[in-house]
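Following: one structure in structure tokens, then a few remarks.
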Amino acid sequence: MGVKNQSNEVLQAEEQDKITYVFDVIHYRFRYISNITELEKNTGVCSKESTRLFHKYLKITPMEYIRQYRVTAACQLLINTNLSVTEVSEQCGMNTSYLSKKVREMTGFTPLEYRRDHLRKQAK
């Protein structure tokens, strides 16, 4: 293996470590990160670098990933807790109307319909 291949592998590993760290921070603090500057403050990774890495590996921006993660987390709370839709939205760092819109886009159901549908399927 040549020196060039080794340095490319090292750079690739460093990028993967960096994006894994950013994921870990997002998964832990997603409800508090509302813009790319806050992501930078929470991770120490400059916004240009995190945006470049997300585009390279996921083809979306970091904020798009956070929004998707919030909706996924909200859906999990809807099916695994008795929290109200308002409480779920607060837990996930969104307002209630945005949560409702995004859950409907993702599932075809309002948050309460999504919960009821899931409970109905579990009961069968």
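Among S34, S7, which is part of a helix (DSSP H, G or I), open to solvent by 30 Å² or more (accessible area, probe 1.4 Å) and at pLDDT below 95?
On the way: S34 fails: part of a helix (DSSP H, G or I).
None of the other options fit; the residue is S7.
Scanning the stretch 106-124 for residues that are exposed (fewer than 13 other Cβ atoms within 10 Å of the Cβ), part of a helix (DSSP H, G or I) and without any contact (Cβ under 8 Å) to a residue 12 or more places away in the chain returns R120, K121, Q122, A123. Among the residues of the stretch 55-74, those identified as in a helix (DSSP H, G or I) and open to solvent by 30 Å² or more (accessible area, probe 1.4 Å) are H55, K56, Y57, L58, E64, Y65, R67, Q68, Y69, T72. Among the residues of the stretch 19-30, at least one is surrounded by 12 or more Cβ atoms within 10 Å (Cβ to Cβ), in contact (Cβ under 8 Å) with a residue 60 or more places away in the chain and not in a loop (DSSP other than H, G, I, E, B). If you check every pair at least six apart or on different chains, which have Cβ atoms under 7 Å apart with a residue in the stretch 61-74 that is aliphatic (A, V, I, L, M) first and a residue that is surrounded by fewer than 18 Cβ atoms within 10 Å (Cβ to Cβ) and assigned to a helix (DSSP H, G or I) second? These pairs meet every condition: M63/I36; V71/M106.
Residue pairs whose Cβ atoms lie under 6 Å apart, sitting 6 or more positions apart in sequence or on different chains, and linking a residue in the stretch 87-103 that is crowded, with 19+ Cβ neighbours inside 10 Å to a partner that is assigned to a helix (DSSP H, G or I) and β-branched (V, I, T), are S89/T96; K102/V71. Evaluation of L77 against the conditions (1) open to solvent by less than 70 Å² (accessible area, probe 1.4 Å); (2) more than 16 Å from K18 (Cβ to Cβ); (3) in a helix (DSSP H, G or I); (4) at pLDDT below 95 shows that the sole unmet condition is (4).
Just so you know, in the stretch 43-54 the residues that are more than 14 Å from Y65 (Cβ to Cβ) and in contact with a helix residue (DSSP H, G or I) (Cβ under 8 Å, 6 or more places away or on another chain) include one that is surrounded by the most Cβ atoms within 10 Å (Cβ to Cβ), and it is E49. Determine, yes or no, whether S50 is under 18 Å from T20 (Cβ atoms), touching a Pro at 6+ places or on another chain (Cβ under 7 Å) and not hydrophobic (A, V, I, L, M, F, W, C). Yes: the conditions hold for S50.
The values are calculated or read from the model by the stated rules, or taken from the named source; none is laboratory data. Everything numeric in this text was worked out from a predicted model, so none of it was measured. Note: ideal-geometry Cβ built from the backbone for every residue, glycine included; neighbour counts use all protein chains shown. Accessible surface areas use protein heavy atoms only, side chains included; no ligands, DNA or RNA. Shrake-Rupley method; radii C 1.70, N 1.55, O 1.52, S 1.80 Å.
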